[in-house]
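Undergrad: Let me give you the structure first, and then I'll get to my questions.
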């Protein structure tokens with residue numbers, strides 16, 4: 001009897017104390033474990049601690065997030081979800097449909113997120129109109145990187161159309177330079193493919209094809225032309241490209257072995273780490289065509305119990321979108337802030353170009369999600385498209401066959 | 001009491017592992033079969049939807065490639081590894097001097113993990129680094145050996161690496177088999193003046209039938225569950241030309257969040273294993289019952 005009384009009193013005390021202090025707690029599942037990325041997370045961790053929170057780190061490395069997703073699945077199935085999870089694009093909606101995401105609209109409205117985030121990016125962070133995730137950064141995918149010396153030596157300017165690119169590549173090939181540094185991994189094939197598709201289909205066509213999965217667009221002549229261009233570009237990569245990692249391809253551009261690389265702005269980090277200067281040693285430009293393909297990392301907030309965890313979630317959301325974190329994090333990571341009101345004084349010229357283009361494309365409606373990096377479509381659909389893209393690029397499949405397969409693969413991926 | 005304990009003890013000792021196998025092997029096979037009949041995506045759902053996942057699976061060109069590769073790879077791997085292993089074993093059986101050392105050398109690849117084998121062969125076969133570059137460096141400018149980057153031939157590079165890894169092991173199995181054949185019979189044959197090749201083909205090899213079966217079973221299951229070798233050597237590429245059912249299943253389950261599709265491919269893989277293993281088990285059990 002005495003014992004139960006004691007237990008009751010102490011549990012009341014516990015409830016009282018947790019209500020009174022509600023020390024913010026957050027368990028954060030992410031896969032930013034390598035060099036610059038780990039540094040970037042440490043920034044957030046420190047800010048969180050400075051605001052009185054307790055951060056439980058749960059890094060799961062490996063497989064580009066596959067391992068982390070397996071861990072998340074296990075945690076959710078056992079009814080013990082982490083506070084925040086590094087998720088992006090439609091995956092957020094997919095988890096929302098499983099009924100496990102939290103509503104952080106209170107924080108988002110207090111902080112005025114709607115005013116500072118580009119509308120199409122904000123759209124990814126909302127689940128049926130309520131905020132459920134916080135964006136961290138914006139990576140641009142449709143970049144073309146070039147070795148400045150190689151271009152100068154061959155009298156070539158950065159291409160602004162795909163025809164110009166082809167002409168430049170032919171010239172480089174004749175001069176004995178590999179025109180396009182590329183790694184034959186499915187996601188890299190898809191990255192090049194979507195850059196080409198954006199250029200040839202235009203922003204509207206890209207949206208129809210890779211966001212709406214409109215069958216007419218997927219089977220259009222323009223899509224055949226996209227595959228034709230991919231076939232042409234297959235001729236511009238060296239014979240040895242199969243399975244090469246993207247950073248080795250970047251190194252080929254750096255040391256002048258190759259002239260161009262089409263890759264997201266994480267490639268910039270490689271150039272910078274090697275002490276190269278943008279505009280002098282290497283050049284950055286958007287790939288030929290109008291538009292901006294974004295790859296936005298974000299943290300989705302999961303439903304958690306307990307005031308301390310909820311307080312931690314709110315604090316975390318506030319800090320993630322806060323201007324100071326957005327600046328420091330993105331300086332480390334090589335991307336640009338998701339919010340548009342952060343001063344870019346400390347950023348390099350490529351980041352400025354990226355930010356300007358993001359603003360402009362947000363206004364004219366050509367700010368589009370990257371399909372190759374899981375922003376536009378769910379895993380099954382984007383995977384089905386990538387299968388066709390990589391099979392076409394790595395064989396002698398005709399463009400017409402590829403288009404037919406594309407439509408079939410998309411139709412059967414639901 | 002003690003008598004009762006004596007009778008029950010073996011059952012009690014075996015019960016935990018029996019239950020574990022029942023739940024974790026057969027229970028989860030049943031679970032996978034169930035999930036393969038649903039439209040599970042990110043998380044498993046349990047509402048049955050019929051055979052949609054199997055329809056999708058057999059309509060997918062990528063699965064076609066993966067499934068075809070299983071047979072190309074499996075048959076070539078098993079046949080070449082067995083033939084090579086047998087030849088090596090017969091050669092070692094000729095009472096040569098440093099047999100122990102040579103046997104160890106051939107057996108050693110088995111000690112490496114498939115990841116190491118795959119990575120090493122990836123570099124050896126890479127046209128810009130390995131054999132092709134070396135031979136060209138010797139002055140044969142037209143020499144070409146680019147299988148690993150050629151989608152039509154890449155699957156054969158997996159066969160090469162797998163054979164390299166496993167044939168030493170097969171050799172050891174066969175060597176043990178060769179040694180277990182009764183010396184007396186061989187001596188009698190030699191006295192009768194029968195040529196050596198005839199002794200091997202008519203006496204020794206036929207008496208090694210059980211060893212062939214064991215080697216086949218071991219190699220077949222290695223072939224079907226091959227995963228790490230493909231991941232390390234080609235990553236399933238170029239394109240998806242070297243995908244195997246195991247890598248397909250992994251991609252669907254863990255990269256694409258398509259658990260239903262992954263489950264259906266796992267069930268098909270299991271069906272393949274059963275078609276090989278069940279006849280073997282059947283013959284084994286029958287032989288025991290009669291013996």
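The values are calculated or read from the model by the stated rules, or taken from the named source; none is laboratory data. On a predicted model such as this, the values are computed, not experimentally measured, just so you know. So basically every Cβ, Gly included, is an ideal-geometry build from the backbone, and we count neighbours across all protein chains shown.
Undergrad: Do we find a residue being within 14 Å of chain B (Cβ to nearest Cβ) and under 24 Å from the mean Cα position of the chain (by Cα) anywhere in the stretch A:262-273?
TA: No, the stretch A:262-273 contains no residue that is within 14 Å of chain B (Cβ to nearest Cβ) and under 24 Å from the mean Cα position of the chain (by Cα).
Rundown of residues vs (1) under 20 Å from the mean Cα position of the chain (by Cα); (2) outside any helix (DSSP H, G or I); (3) modelled with pLDDT under 90; (4) within 12 Å of chain B (Cβ to nearest Cβ), yes/no style:
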{"position": "A:37", "(1), (2), (3), (4)": "yes, no, yes, no"}
{"position": "A:44", "(1), (2), (3), (4)": "yes, no, yes, no"}
{"position": "A:49", "(1), (2), (3), (4)": "no, no, no, no"}
{"position": "A:61", "(1), (2), (3), (4)": "yes, yes, yes, no"}
{"position": "A:66", "(1), (2), (3), (4)": "yes, no, yes, yes"}
{"position": "A:86", "(1), (2), (3), (4)": "yes, yes, no, no"}
{"position": "A:96", "(1), (2), (3), (4)": "yes, no, no, yes"}
{"position": "A:107", "(1), (2), (3), (4)": "no, no, no, no"}
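Undergrad: Collect the residues in the stretch B:152-208 that are under 25 Å from the mean Cα position of the chain (by Cα) and outside any helix (DSSP H, G or I), keeping them in residue-number order.
TA: Those that are under 25 Å from the mean Cα position of the chain (by Cα) and outside any helix (DSSP H, G or I): B:152, B:153, B:205.
Undergrad: Got a sec? Which of B:253, B:262 is surrounded by 23 or more Cβ atoms within 10 Å (Cβ to Cβ) and either in contact with a helix residue (DSSP H, G or I) (Cβ under 6 Å, 6 or more places away or on another chain) or within 14 Å of chain A (Cβ to nearest Cβ) (or both)?
TA: B:262
Undergrad: Only residues that are closer than 22 Å to residue A:390 by Cα, assigned to a helix (DSSP H, G or I) and without any contact (Cβ under 8 Å) to a residue 60 or more places away in the chain: list them for the stretch A:234-290, please.
TA: Hit for the stretch A:234-290 is A:247, nothing else.
Undergrad: Does residue A:345 satisfy the condition of being away from every other protein chain (no Cβ under 14 Å), assigned to a loop (DSSP other than H, G, I, E, B) and over 17 Å from the mean Cα position of the chain (by Cα)?
TA: yes
Undergrad: So residue B:226 clears everything in (1) away from every other protein chain (no Cβ under 14 Å); (2) surrounded by fewer than 22 Cβ atoms within 10 Å (Cβ to Cβ) except one condition, right? Which one?
TA: The single condition residue B:226 does not satisfy is (2).
Undergrad: Restricting to the stretch B:53-68, and then to whatever is without any contact (Cβ under 8 Å) to a residue 60 or more places away in the chain and part of a helix (DSSP H, G or I), can you tell me which residue is farthest from the other protein chains (Cβ to nearest Cβ)?
TA: B:68
Undergrad: Tally up the residues in the stretch A:234-276 that are surrounded by 21 or more Cβ atoms within 10 Å (Cβ to Cβ) and closer than 17 Å to residue A:332 by Cβ, please.
TA: The qualifying residues number 6.
Undergrad: Let me ask something additional. For the stretch A:297-308, give me the residue count where each residue is within 20 Å of residue A:45 (Cα to Cα) and part of a loop (DSSP other than H, G, I, E, B).
TA: 2
Undergrad: Continuing with the same structure: Out of B:28, B:67, I need the residue that is closer than 30 Å to residue B:156 by Cβ and out of contact with any strand residue (DSSP E or B) (no Cβ under 6 Å at 6 or more places or on another chain). Which one?
TA: The match here is B:67.
Undergrad: Output the residue which, of all residues in the stretch B:32-46 that are more than 14 Å from chain A (Cβ to nearest Cβ) and assigned to a loop (DSSP other than H, G, I, E, B), is farthest from residue B:253 (Cα to Cα).
TA: Looking at the filtered set, the residue picked out is B:37.
Undergrad: Could you please let me know if residue B:148 is within 27 Å of residue B:89 (Cβ to Cβ) and either more than 13 Å from every other protein chain (Cβ to nearest Cβ) or modelled with pLDDT under 90 (or both)?
TA: Answer is no for this residue.
Undergrad: Is it the case that some residue within the stretch A:116-135 is in a loop (DSSP other than H, G, I, E, B), assigned by TED's automatic domain parsing to the domain that holds residue A:31, surrounded by fewer than 22 Cβ atoms within 10 Å (Cβ to Cβ) and out of contact with any helix residue (DSSP H, G or I) (no Cβ under 6 Å at 6 or more places or on another chain)?
TA: yes
Undergrad: Taking the stretch A:190-233, which residues are over 13 Å from residue A:382 (Cα atoms), within 14 Å of chain B (Cβ to nearest Cβ) and buried (at least 21 other Cβ atoms within 10 Å of the Cβ)?
TA: A:192, A:227
Undergrad: Kindly indicate whether any position in the stretch B:69-91 is surrounded by 13 or more Cβ atoms within 10 Å (Cβ to Cβ), closer than 20 Å to residue B:220 by Cβ and within 14 Å of another protein chain (Cβ to nearest Cβ).
TA: yes
Undergrad: Still on this structure: Among the residues of the stretch A:360-414, count how many are within 11 Å of chain B (Cβ to nearest Cβ), part of a helix (DSSP H, G or I) and closer than 22 Å to residue A:137 by Cβ.
TA: Residues meeting the conditions: 2.
Undergrad: When you check residue A:212 against the structure, is it more than 29 Å from residue A:243 (Cβ to Cβ) and not in a loop (DSSP other than H, G, I, E, B), yes or no?
TA: When the stated conditions are applied, residue A:212 does not pass them.
Undergrad: For the stretch B:96-135: of the residues being over 21 Å from the mean Cα position of the chain (by Cα), within 12 Å of chain A (Cβ to nearest Cβ) and not in a loop (DSSP other than H, G, I, E, B), which is farthest from residue B:167 (Cα to Cα)?
TA: Taking the candidates together, the pick is B:133.
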